[in-house]
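> Encoded as structure tokens, here's the structure I'll be asking about.
Nothing in this text is a laboratory measurement; each read-out follows from the coordinates by a stated rule. Please read all numbers here as calculations on a predicted model, not as lab measurements. In this analysis, Cβ positions are derived from the backbone assuming ideal geometry, glycine residues included, and neighbour counts consider all displayed protein chains.
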Amino acid sequence: MAETYPTPAEAEPAADTEVAPPPKRRRGLIVALVAVAVLVALGIWWRSTYSEDTDDAQINGHLIQVSSRIAGHVIRVDVEENQMVKRGDPIVELDPKDFQVAVENAEAALASAKANAVAARVNVPIVTVNTGSNLRSANADVSGATAAVEQAQQQLDAAKAKVAQAQANNFKAQSDLTRYRPLVAQDVISKQQFDAAVATADADKAALADAQASQEAAADQVRVARERLTQSQASQRYAQTGPQQVAAQDAHAKQAEAQVQQAQAQLDQARLNLSYTIIVAPEAGIITRKSVEIDQNVSAGQNLLTLVSLEGLWVTANFKETQLRHMRAGQNVQIHVDATGKDYAGRVTQIGGATGSVLSLFPPENATGNYVKVVQRVPVRVDFTNLAKEDPHQELRPGLSVEPKVWVK
């Protein structure tokens, strides 16, 4: 039989036939796989040793309930739902007319109180001078009245002496007249002598009456002088209350000044109420839950809308209790935000005082003894350290999910 040789096509191997790699290439592949495994192991070790992370975290912020501080009628609403506002932007305007009238009334009351205070203060030196003059005049009147009483008493004493003298003369004259009557009847004495005795008796009797009248007049003068003295002493006692009168006037002036302060406070309150007719945003944020409309009557303290503040945001991360061994306040944090896909810098500021289960509305109880250990989570507060620069357009919102990584070593 003739020997056959393969054709060139048959001699060449098929194109899709696998060719075993050479030994050197196989060794390189194994080394690369081992290096990758080592790097992955190092990364896992590094991550578990030098950092702690969790996906149970979210951004928190302040939800401000904007309310009216006064009762009023809404005349304008300057915002819409989900509108972004800046600090100080007007939100709602109330009718200011009633409050403008209250300011005018308070201004008038303040002007009146100031006028009363000026008049009361001016009267203080006037009362001081008048009370001093009245006291000196009263002292002089008392001295004069005392002297007048003494003089009237002396005149009364003199009148009493004259009355006594007149009584003696009258007694003698009446006695002589009594003796002369039988003598004139017996012609022992002359008719002329008897007439002289009658005339003397009548004169002494008249002199006695005159002396008695003078005594009564002197007594009346003593009574009048004493009454004047009593009146002068009363005026003196009143004048001696001059310091108390000055103190009372000074107290009245201070009261008037206090009324000025009270009127000023009422004016300030009226102006405050007028300023409250324009409700402004307390912080920059986003309007939500708006319930106020034009022509609505609102009361003091009534919630009008909710302002989601975009200032002072922070992260609440619920770490497992096994992750807190090396975690401390002040440690740096890398915060990854799912919504933006960016990383932000932060710092641990607080570690919660209790676990989330204890702080829940219905804390768990184990009264049956069937206890199953569950890893607890503790809320940790993380504050952004450079949010103004890293989030200039304020893209972050409260409630967004984040993944914080705390560098514990």
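> Given a Förster distance of 45 Å, report the FRET efficiency between residue 82 and residue 261 from their Cβ-Cβ distance, rounded to the nearest 0.05. Could the numbers behind the result be given before it?
Numbers: r = 47 Å, r/R0 = 1.04.
Between residue 82 and residue 261 the formula returns 0.45.
> Working only with C-alpha atoms, what are the Rg and Dmax values of the stretch 100-258, expressed in angstrom?
Both quantities, over Cα of the stretch 100-258: 34.1, 120 Å.
> Please go through the stretch 293-353 and write out the GluC sites (Glu not before Pro) that DSSP classes as loop and that have at most 12 other C-beta atoms within 10 Å.
Details: sites: 293, 311, 321; in loops: 293, 311.
Those satisfying the criteria are 293.
> A further question on this structure: How do 81, 390 line up, fewest other C-beta atoms within 10 Å first?
Details: 81 10, 390 17.
In order of increasing Cβ crowding within 10 Å: 81, 390.
> Also, quick follow-up: For the stretch 242-310, just list the percent of Cα-Cα distances falling in each 5 Å bin from zero outward, please.
4, 11, 13, 14, 11, 9, 7, 6, 6, 5, 5, 4, 3, 1, 0
> Please report Rg over Rh for the chain, where both radii come from the alpha carbon positions and Rh follows the Kirkwood definition.
On the way: Rg = 59.2 Å, Rh = 35.6 Å.
Rounded to two decimals, Rg over Rh is 1.66.
> With unit charges on the beta carbon (Lys/Arg positive, Asp/Glu negative), name the residue among 177, 251, 130 whose Cα is farthest towards the positive pole of the charge dipole of the stretch 100-258.
177
> If you stretched the chain out fully between residue 187 and residue 349, how much longer would it get, using 0.36 nm times the residue separation minus the C-alpha to C-alpha distance? Intermediate results must be reported in sequence, preceding the final value.
Working: separation 162, 0.36 × 162 = 58.32 nm, distance 15.00 nm.
Residue separation times 0.36 nm, minus the Cα-Cα distance, leaves 43.3 nm.
> Can you give the FRET efficiency to the nearest 0.05 for residue 98 and residue 238, using r as the Cβ-Cβ distance and R₀ = 35 Å? Don't skip to the answer; put the middle values down first.
Numbers: r = 52 Å, r/R0 = 1.48.
So the FRET efficiency works out to roughly 0.10.
> Right, next: Taking Cα atoms, how many degrees apart are the long axis of helix 242-275 and the longest axis of the chain, rounded to 10 and kept between 0 and 90?
So the helix axis and the longest Cα principal axis differ by about 30 degrees.
> So, counting K/R as plus one and D/E as minus one, what does the shell of residues with Cβ under 11 Å around residue 95 add up to? Write down the numbers at each step before the final one.
Working: positive: 76, 97; negative: 93, 98, 295.
Taking every Cβ under 11 Å from that of residue 95, the sum is -1.
> Using the count of nearby Cβ atoms within 10 Å as a rough guide to exposure, how do 184, 374 rank from fewest to most? Write down the numbers at each step before the final one.
Values: 184 18, 374 8.
Going from sparsest to densest Cβ surroundings: 374, 184.
> Between beta-carbons, use under 13 Å as the cut-off and find the net charge around residue 320, counting Lys and Arg +1, Asp and Glu -1. Mind showing how you got there, number by number?
Numbers: positive: 325, 373, 377; negative: 52, 53, 55, 56, 321.
Net of charged neighbours comes to -2.
> Loop-only trypsin sites (Lys or Arg not before Pro) in the stretch 75-139, please: DSSP not H, G, I, E or B, and at most 12 other Cβ atoms within 10 Å. Display every interim value, and only then the final one.
Numbers: sites: 76, 86, 87, 97, 114, 121, 136; in loops: 86, 87.
Here the sparse-neighbourhood loop sites are 86, 87.
> Place a +1 charge on the Cβ of each Lys and Arg in the chain and a -1 charge on the Cβ of each Asp and Glu, then give the dipole magnitude about the Cα centre in debye, rounded to the nearest 20.
Around 1760 debye, computed over the chain.
> With the cut-off at 21 Å, report for the stretch 269-360 the share of all Cα pairs above it, as a whole percent.
Working: 2500 of 4186 pairs.
Across the stretch 269-360, Cα pairs with separations above 21 Å total 60 percent.
> Using 0.36 nm per residue, how much length does the chain from residue 40 to residue 231 gain when fully extended, once their Cα-Cα distance is taken away?
Working: separation 191, 0.36 × 191 = 68.76 nm, distance 11.76 nm.
Roughly 57.0 nm would be gained on extension.
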